[in-house]
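Please read the structure below before turning to the comments.
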Amino acid sequence: MSTKMPQTSLQEKQTKIYSKGSNQTLKRKRRTTELSEDSENIYPPNKVPALSQVPCSEVCNNSTGVTDSTYLPHQQSSPLKEQQEPVSWSELRSSTCFLTPSASGSGSGKSNPLPSLPWADGSQVWSIMCLGDQKTLSQRDPDMFQRHPTLQPRMRAILLDWLIEVCEVYKLHRETYYLAMDYIDRYLSTHQNIPKSQLQLIGITCLFIASKVEEIYPPKISEFAYVTDGACTEEEILGKELIVLKGLGWNLSPITPPGWLNIYMQVESGDMSRPIAFIYPQYGGLQYSQAAQLLDLATLDEGSLKFSYSHLAAAAIYHTKSREAALRTSCISWEQLAPCVRWLTPFANTVIEEGENLLRSAAPTTETNAGSGLRASVPNIVLDESHRIQTHVVDLTMLENAQRRLAKDVLSLDCLETEINIDSNSPDNQNGLLTPPSSSQKNSPTPPRLPPQLHPYT
């Protein structure tokens, strides 16, 4: 036994050395395989030749201090001038954070009113917002009431007016109401033959969903069922909630008119020299309330479905501030914005008639100390949040007055177009010459032209 013990120990040592060497060989082979895989699967392919800065992994993981030369064709020790994406799949797996690409590579070509943001690419953010706005516009059908024979545009206005009152009672935000309105319009645009007995259930369900999306402390479902006065039970709201969510495709985060209004007014009154302050409100609450209440009145009319939310907010800026402010903050051309501005004019005139009644707010002024520490860096920060609460300052009577003004404007435009067409088609003007009528035609009685009949609002 004593003679065999040294041989056994020697064999064990040889086995350990062999296994250790084989493990190192396997590690080297695995490393070579990873390098070859990265060389074939470059992420993204078109950025490898132009790589001239420090990669994202070195910026995020400064504690390592060692970088493989295989991944860095052109290493530089200078600070990062342009934010880069991971170059290879290994860097993508090892990165703990990702920097936003620079605006130079976006290639959108569209003017961008947003300032240079340190945490995101302003051009890319603006492009995504505009694409989302067009998508929301395509999902809302201006002729959706033709899908539902039992529904009328007046019913939609009554439902939205009631939802505004509910939001005022529970101190819900404007964003919550406009999210509910967007859900209602999109749901009605994608369904058919909805009976009018289900309209209130759809409205309160959409407000219930919107409150859970936007509010920090949303009301309970029993409170939403209570405001319907027994017309909708809690079980019916819960059952309808899943149906509405499926009908909306679970797309619950559109940029609403108050959202665009917030961006436009922030661009107009914000301090562009301090990009970090762009996320904090810099505008006055009174100006925001005036434009938002104009939107409250205009969106009660079904004609607002023809325009995108960004155009509605820009038109509200036009009527409350100026044309230059609307075009500068929205980057929308006048040819694109003019139809929405003309349509919104009767509603703006109705708001002007009301005067000081629209300046009141049912929500008390609430000062918060959440941003008191930012006074040094953001001196114009607005701490009052009362202007963001939805108030019931517009009613159906104002809507009827605005619709009568709108009908008169449409009637006058139709008469003007009719006169222009008749004058252009007359035989006297076929040669392009303005000739007076003969003496025999001056005294001949001609029947007056009746204006075309306009369908009244129902």
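The values are calculated or read from the model by the stated rules, or taken from the named source; none is laboratory data. Everything numeric here is computed off the predicted structure, so don't read it as measured data. Note that each Cβ is placed from the backbone with ideal geometry, even for glycine, and that neighbours are counted across all protein chains shown. We work out accessible area using only protein heavy atoms, side chains counted, and drop any ligands, DNA or RNA first. Shrake-Rupley method; radii C 1.70, N 1.55, O 1.52, S 1.80 Å.
General observations
- Accessible area in square angstrom per residue, region 227-350, 1.4 angstrom probe: 39
- Segments 157-167, 176-186 sorted - mean Cβ within 10 Å per residue, highest first: 176-186, 157-167
- A prolate overall shape is assigned to region 176-323, the ratio a/c of its alpha-carbon gyration tensor axes (a ≥ b ≥ c) being 1.5 or greater and a/b exceeding b/c.
- Counted residue by residue at 0.36 nm each, then reduced by the alpha carbon distance between them, the extension gain from D229 to L242 reaches 2.4 nm.
- Here K220 and E353 are evaluated by their C-beta separation; at R0 = 45 Å the FRET efficiency comes out at 0.70.
- Anisotropy class of region 117-169 from Cα gyration tensor, a/c 1.5 cut: oblate
- Computed over region 149-288: relative contact order in percent, which uses C-alpha pairs under 8 Å that are six or more apart: 25
- Computed from backbone phi with θ = phi - 60° and the Karplus coefficients 6.51, -1.76 and 1.60, the 3J(HN,Hα) list for region 238-249 is 5, x, 6, 4, 5, 5, 5, 4, 5, x, 7, x Hz; x is used for glycine and proline.
- Residue pairs exceeding 27 angstrom between C-alpha atoms, taken from K171/K408; K196/K306; K306/K408; K220/K246; K321/K408: K171/K408.
- Modelled label positions at A120 and T190, each set 7 Å beyond Cα in the direction of Cβ, lie 2.4 nm from each other.
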